[in-house]
Amino acid sequence: MKKRLTTALGGLLLASLVQADDCRQQLLTWIEIAHPGHTASQVLEDERGRYRVDAEQSICKVWPARPELTLIAMPLLRAEHDSHGEADLEVLVLNSAEQQVLARLVEPNRLDWDAIYADRLALDTAPYRLRGDDLAFAVRISRRNWSRLNPFAETELALYELKEQGLRTLMGGLVVESFGGERDDDCTASFDEAKGVLIVTDKVGRNGYRDLIFKRTHTGRRMEAADGECQTIEADTRRVQFRIEYAEERYLLPIELVSDPL
């Protein structure tokens, strides 16, 4: 029995790796399907003006719960300058076998940057069973700066729902990880870090959407010189949780989660 289970798990892992490789190999083709005429430096145009697809930062993933579908997230660069820029986030759902775009959603200026820029996108296909047996998926956007004295980084999560009418945002802007602080050139420093996990509850709220619970742990640390060495001292750890309910056609974040969690 144990041997059969190990073999089955190994088969699932191999299948997922094959799907991931196939997805990466197909990504440029799918970008071309979504944006005809795209090349690495090609400037395209739509109703909002000129843009360029950032293929290097674009990502794809076969949806494990619905393996006939492939999820894609890509930046559409609108303006690029030395210290700042403007970029939309486009999210797509494709029928993998038929090479067909089933749904797409463009969120204007979602990836704009200045001193803080978006450096990584990730597709999150955890089982977000929010309404009945319907599954949602998420996109995680990681941002950071390059400051040594005032470092900053955060990852925010947005939930998306695929319906017959198309793709729509169920929740956006939830910061699930953050890090920031300040330091001098030597040792003295103070940092704050927050990490959270999003949980789907059994409580059904408005329009049949289940309530969410967001559990967050906040840790403050400082560094000081002691005995000729730079030592890290944990100052405090606080744990809080927030209920997030569906209303007004989306999940509304409590005011404490809209502001900077640090």
For the range 89-231, give the percent of accessible area contributed by carbon and sulfur heavy atoms, probe 1.4 Å, rounded to a whole number. 45
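Across the chain, how many lysine pairs, 8 or more apart or on two chains, come within less than 25 Å at their alpha-carbon atoms? Don't skip to the end; give the middle numbers.
Numbers: 61/163; 61/195; 163/203; 195/203; 195/215; 203/215.
Total qualifying Lys-Lys pairs in the chain comes to 6.
I need the per residue convex hull volume for the range 61-205, using only the alpha carbons, in cubic angstrom as a whole number. Could you put the intermediate results ahead of the total?
Details: hull volume 19.5 nm³, N = 145.
Hull volume normalised by residue count: 134 Å³.
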Using only Cα atoms and rounding to the nearest 10 degrees, what angle (0 to 90) does helix 2-34 make with the longest principal axis of the chain? 80
Using only the Cα atoms, what convex hull volume per residue in Å³ does the range 123-262 have? 119
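Compute the FRET efficiency between residue 241 and residue 190 as 1/(1 + (r/R0)^6), taking r as their Cβ-Cβ distance and R0 = 22 Å, and round to the nearest 0.05.
On the way: r = 25 Å, r/R0 = 1.15.
The pair residue 241/residue 190 has a calculated efficiency of 0.30.
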Sticking to Cα atoms, compute the Rg of the chain to one decimal and its Dmax as the biggest Cα-Cα distance, whole number, in Å. 21.1, 66
Can you tell me the relative contact order of the chain? Whole percent, Cα pairs under 8 Å, sequence separation 6 or more. 9
Options 253, 102, 230, ranked by Cα towards positive dipole end of the chain, top entry (Cβ charges): 102
Of 181, 23, 49, which is farthest on the positive side of the dipole of the chain, counting Cα position, with +1 on Lys and Arg Cβ, -1 on Asp and Glu Cβ, and the Cα centre as origin? 23
So what J values fall out for the range 170-183 if you push phi through Karplus, 6.51 cos²θ - 1.76 cosθ + 1.60 with θ = phi - 60°, rounded to Hz, Gly and Pro as x? 8, 7, x, x, 7, 7, 9, 9, 8, 8, x, x, 8, 8
Over the residues of the range 192-249, compute the C-alpha Rg and express it relative to 2.2 N^0.38 Å. 1.80
Note: probe point = Cα of residue 28 + 7 Å toward Cβ; backbone nitrogen < 20 Å; residues of the range 92-130 passing the test are 99-100
On a full-extension model of 0.36 nm per residue, what is the gain between residue 68 and residue 50, subtracting their alpha-carbon distance, rounded to one decimal in nm? 3.2 nm
Along Cα→Cβ, 7 Å out, is where each label goes; now give me the distance between the ones at residue 147 and residue 226 in nm to one decimal. 2.7
Quick calc, the chain, dipole around Cα centre from Cβ unit charges on Lys, Arg (+) and Asp, Glu (-), nearest 20 debye, gives 1340
Tell me, how many Å apart are the Cα centres for the range 93-122 and for the range 40-67? 6
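Taking square-rooted eigenvalues a ≥ b ≥ c of the alpha carbon gyration tensor, is the range 159-207 rounded, prolate or oblate, where a/c under 1.5 means rounded and, failing that, a/b exceeding b/c means prolate? Intermediate values should be presented prior to the final figure.
Numbers: a/c = 6.12, a/b = 2.69, b/c = 2.27.
It is prolate, given that a/c is not under 1.5 and a/b is the larger ratio.
Determine the per residue accessible area of the chain with all protein chains present and a 1.4 angstrom probe, expressed in square angstrom.
Numbers: 14910 Å² over 262 residues.
Here the residues of the chain average 57 Å² of exposed surface.
Using 0.36 nm per residue, how much length does the chain from residue 217 to residue 107 gain when fully extended, once their Cα-Cα distance is taken away? Provide the component values of the computation, followed by the final result.
Details: separation 110, 0.36 × 110 = 39.60 nm, distance 2.95 nm.
Taking 0.36 nm per residue and subtracting the Cα distance, the gain is 36.6 nm.
How high is the FRET efficiency from residue 202 to residue 165, r the C-beta distance, R0 30 Å, rounded to 0.05? Please list the in-between numbers first.
Values: r = 27 Å, r/R0 = 0.90.
E(calc), rounded to 0.05, equals 0.65.
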Once you keep just the Cα pairs under 8 angstrom separated by 6 or more residues, what percentage relative contact order results for the range 33-184? 14
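The values are calculated or read from the model by the stated rules, or taken from the named source; none is laboratory data. Everything numeric in this text was worked out from a predicted model, so none of it was measured. Here the Cβ is made from the backbone with ideal geometry for all residues, glycine too, and neighbour counts use every protein chain on show. Heavy atoms of the whole protein, side chains included, go into the accessibility calculation; ligands, DNA and RNA do not. Shrake-Rupley method; radii C 1.70, N 1.55, O 1.52, S 1.80 Å.
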